[in-house]
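Below is one structure, written out as structure tokens; comments come after it.
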Amino acid sequence: MKKLIAATLLCLGSGANAAQTITMQLPCVSAPEAEALITSILPETIEQLGATCAGQLPPGALLRQPPAALIARYRADADTAWPGAQRAVQRLAGNDVGGLLSGNLARPLIASLLAPAITRAVQPGDCPAYDRIITLAQPLPPRNLAGLLVAAWQLGDARKKPDPNAPARGGLSICPKP
């Protein structure tokens, strides 16, 4: 799941095609900004994950046909989270480009670009695990799922880096707490 999160945020800073080969250091985003950004693209990502994994899952799997009510709930939270996500987009894209991505129409545009980019990293054998994650998270508010993903990301980063205040090399990182 960390690869999906990193790919999402990395794409914002570098463009979807360069996400796999980027070597530059992107600015860090705060945990709340990362959560807002993830929340803002969850509905499209879940739908795309369902399309990607449909052939790998049993007929009754949640991801094969995400319930309309679930997607509607995630979409409502995505719209609410967008102002916080815009701060992350601004930070990652820079002032020159970030302003172009700041309107309300930018959220569906960014989500429609990032969801396929994220799910390209999904291996067929991972689909049951993603279905389980979405199934277990279904009763939670979408921001809780985003918060759990960011917390897992932070734990993974903390274990990989010898210095917890050092930025992640070659990609996006969550800013250390002051």
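The values are calculated or read from the model by the stated rules, or taken from the named source; none is laboratory data. Small disclaimer: the values here were computed from a predicted structure and weren't measured. Here Cβ is always computed from backbone atoms with ideal geometry, including for glycine, and neighbour counts include all displayed protein chains. Just the protein is used for accessible areas: all its heavy atoms, side chains included, with ligands, DNA and RNA removed. Shrake-Rupley method; radii C 1.70, N 1.55, O 1.52, S 1.80 Å.
Going through region 68-80 one residue at a time, which ones are surrounded by fewer than 17 Cβ atoms within 10 Å (Cβ to Cβ), within 20 Å of the chain's Cα centre (by Cα) and either not basic (Lys, Arg) or not in a helix (DSSP H, G or I) (or both)?
Taking region 68-80 and keeping what is surrounded by fewer than 17 Cβ atoms within 10 Å (Cβ to Cβ), we get 68-69, 72-73, 76, 79-80.
In the following step, the residues that additionally are within 20 Å of the chain's Cα centre (by Cα) were identified as 72-73, 76, 79-80.
Matches in region 68-80: Ala72, Ala76, Asp79, Thr80.
For Lys160, all conditions in the list (1) without any contact (Cβ under 8 Å) to a residue 40 or more places away in the chain; (2) in contact with a helix residue (DSSP H, G or I) (Cβ under 8 Å, 6 or more places away or on another chain); (3) farther than 14 Å from Ala34 by Cα hold save one; what is the number of the exception?
The number of the failed condition is (2).
Need the failing condition index for Leu148 against (1) open to solvent by 60 Å² or more (accessible area, probe 1.4 Å); (2) assigned to a loop (DSSP other than H, G, I, E, B); (3) modelled with pLDDT of 90 or more, just the number.
Going through the list (1) open to solvent by 60 Å² or more (accessible area, probe 1.4 Å); (2) assigned to a loop (DSSP other than H, G, I, E, B); (3) modelled with pLDDT of 90 or more, Leu148 breaks only (2).
Take the residues of region 81-132 that are hydrophobic (A, V, I, L, M, F, W, C) and open to solvent by 60 Å² or more (accessible area, probe 1.4 Å): which is modelled with the lowest pLDDT? Give the derivation first.
Applying the first criterion (hydrophobic (A, V, I, L, M, F, W, C)) to region 81-132 yields 81-82, 85, 88-89, 92-93, 97, 100-101, 105-106, 109-111, 113-115, 117-118, 121-122, 127, 129.
The next check asks that each one be open to solvent by 60 Å² or more (accessible area, probe 1.4 Å); those that pass are 97, 100, 105, 109, 113.
Details: Val97: 63, Leu100: 66, Leu105: 75, Leu109: 83, Leu113: 83.
Among those that are hydrophobic (A, V, I, L, M, F, W, C) and open to solvent by 60 Å² or more (accessible area, probe 1.4 Å), it is Val97.
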